Structures are given as structure tokens and as C-alpha cells.
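What follows is calculated from the coordinates using simple rules that are stated; it is not laboratory data. Since the model is a prediction, treat every value here as computed from it, not as a measurement. FYI the Cβ positions are ideal-geometry reconstructions off the backbone, even for glycines, and counts take in every protein chain you see.
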Amino acid sequence: MTEANVMEQAGVLSQEKLTYRKFVKLGTDADGKTTIEKKAVKSESDKKEPEKLEDGTPNPHAGVAVSWTGPSREGLTLFNENEFIRYQVKSWAGAEALVPDETQRVYIFQYGLNAIQTARAIGYMDEVKEEAGEPTPVHDGETIDLITAINEPPTRKSTSDVDKLIKQLNAMGVPADKQADFLALLLATQSETSAENTEAAE
């Protein structure tokens, strides 16, 4: 039994298996060499193809993940398939077990922290109040310490949305250093929606 399995049983981190497929369209270059003209990397989605198509005819892709049938319908063919074991940390003890090297652990922590801080900053910048029918910024010319925003606990839904977005970004082959921008936008949108709901309730 690996250390990760032991820590999973202890409840400090969990594992999940996720299968990826790479689809390609092959071509030939000027020298007659076979090349990859187009590619798509997709993770297996939970949603599967229905038994029948909209016209009532049998679906040749019935039961297959919808994320995998799109490339097939576009004329791409399966190139390779691999299953990956992913991890979700449930406590700092789990983080230490999963990433023993402190430098790497801090890097990962800072990566997530940057996404949260960017999201919160965008949320503050987007806050608008109505005065005499003209929108004005709630915050202007201020120096805002983000420590309070950093410590706001996420909702269960937002955490789930983040997990889904990360899976989608990985499936699309988005580089890790670019994913933080997408995560920041998602968190900012959720912060704005939460603020609007609070104002409505008041």
C-alpha cells in the first residue's frame, strides 16, 4: 500500500481516476512525412451519449462520453488513451504527504493563492453603486488589503465549479501557467453574483 493510499484512508486526501483520450487528424507534409494537422485532448465526461439521436434513430455512440464523441464527429481519430490518478487534498497534512518537498508545496499554494487574489481584486473593481442614476465605482483610489478576502471560505458549489473548470482546462490542453487566469475569472464571477444576491436580499 502506497503512502497516498494510507493518507486516503486517514481522510486527509482522496484519489480519483480520470481517463483522457487524444484525437488527431493526420496529414502529409511537403516531404511526404505523416504529420498531425489537428489534435484534441479530452477527459472523460460524466455525461454520456443517449441511446437514440434526436430523430429517433439509434445512436452509434450510445454510452460513450459526450466529450469524446465531438472529435470523432469532426473526423478526428483516436491516437492514444491513458488513465491518470488525481488527488484532492482535504487538510494540510494531506498536502504535506502528497508534496513532501516544501519548495514545491509553497509553489502550488502560491499558484492557487494568486488565482484567488486576482479573482477578489477583479470583484472589488467590478463593484458599482447607483448614484443619481449614474453608475459609480464603490472602490476608487483605495489601497485594499486582500487578507480578509483570502480567508473567506468558499462555498461547496464554487469548489465544485472550480474542479470542473480545471478538468475542462486540462482536457483542452491549456498550460498550467494559463489556467490561473481562467480560474480567477470564474471566482470573480461567483463573487459578483454573491454580492448581487446579498444586495437583493437586503
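In segment 97-156, taking the dipole from charged Cβ atoms about the Cα centre, the farthest positive-side position among 103, 136, 118 is held by 103. So which of 17/52; 39/90; 17/42; 48/90 end up more than 26 Å apart by C-alpha? Violating the 26 Å Cα-Cα cut-off are 17/52; 39/90; 48/90. Pairs of Cα atoms nearer than 8 Å and 6+ residues apart set the relative contact order; for segment 1-110 it is 34 percent.
Enumerate by residue number the trypsin sites (Lys or Arg not before Pro) in segment 38-127 meeting two conditions: DSSP loop (anything except H, G, I, E, B), and at most 10 other Cβ atoms within 10 Å of the site's Cβ. Could the numbers behind the result be given before it?
Details: sites: 38, 39, 42, 47, 48, 52, 73, 86, 90, 105, 120; in loops: 47, 90.
Those that pass, being in a loop and sparsely packed, are 47.
Scaled to the globular estimate 2.2 N^0.38 Å, the Cα spread of segment 1-152, given as radius of gyration, is 1.62.
Net charge dipole, segment 1-156: roughly 880 debye, given to the nearest 20, about the Cα centre with Cβ charges of +1 for Lys and Arg and -1 for Asp and Glu.
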